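Structure first, then comments.
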Amino acid sequence: MSERTYVMLKPDAVRRGFAGRILQRFEDAGLQMAAMQRLAVSEAQSKALYAEHEGKPFYDSLLTYIHSGPVVATVWEGTGAVALARKLIGATDPAQAAPGTIRGDFGLVMDENVVHGSDSAESAEREIPIFFPGLD
């Protein structure tokens, strides 16, 4: 079943020049890009994206990090897009992420991991309009 997922290359990935190499992995896996933009994440966008983490000990540092530089926001389409993207991205902690995954190959520390990806189709439906309002 074709579905959409949201993937954001975080400031560390953009700052270190890995955006093209990371995006290529999604294309190589057979996903098709439906939308992309480079932007500075607004306070409203970051709070909406990370609302589920509000009140957790890492919340403030997460928002500080996401505002530390530009990101590349993307929407990908394809069969099982959410699960496929999560497989490509790897474990949250780069130290635990398998080699060959994006976080395993490009991540340095968990607090500044290089990519965000929707963890479910429901999350994707919530996250995509935060960055791409009106995307049909």
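What follows is calculated from the coordinates using simple rules that are stated; it is not laboratory data. This is a predicted model, so every value here is computed, not measured. Methodologically, a virtual Cβ is constructed for each residue, glycine included, from the backbone with ideal geometry; neighbour enumeration extends over all protein chains shown.
List of remarks:
- Straight Cα distances below 14 angstrom link Lys47 to the aspartates and glutamates Asp60, Glu127, with same-chain residues fewer than 8 positions distant left out.
- Alpha carbon centroid spacing (whole Å) that separates the stretch 1-42 from the stretch 75-95: 11
- Here the Kirkwood formula, the inverse mean of 1/r across different C-alpha pairs, assigns the stretch 2-131 a hydrodynamic radius of 14.5 Å.
- The stretch 1-54: C-alpha gyration tensor shape, a/c 1.5 cut-off, then a/b vs b/c: oblate
- Calculated [θ] (222 nm, deg cm²/dmol) that DSSP helices of n ≥ 4 give over the chain, each run adding -39,500 (n - 2.57): -10500 deg cm²/dmol
- Descending Cα extents along the principal axes, the stretch 61-136, whole Å: 37, 30, 17
- Packing-based exposure ordering (other Cβ within 10 Å, fewest first) of Tyr6, Tyr65: Tyr65, Tyr6
- Taking Glu122, Glu3 and counting other C-beta atoms within 10 Å, the order from fewest to most: Glu122, Glu3
- Phi angles across the stretch 30-44 convert, under the Karplus curve 6.51 cos²θ - 1.76 cosθ + 1.60 with θ = phi - 60°, into 3J(HN,Hα) values of x, 7, 10, 6, 9, 6, 7, 7, 9, 7, 8, 5, 7, 4, 4 Hz, Gly and Pro given as x.
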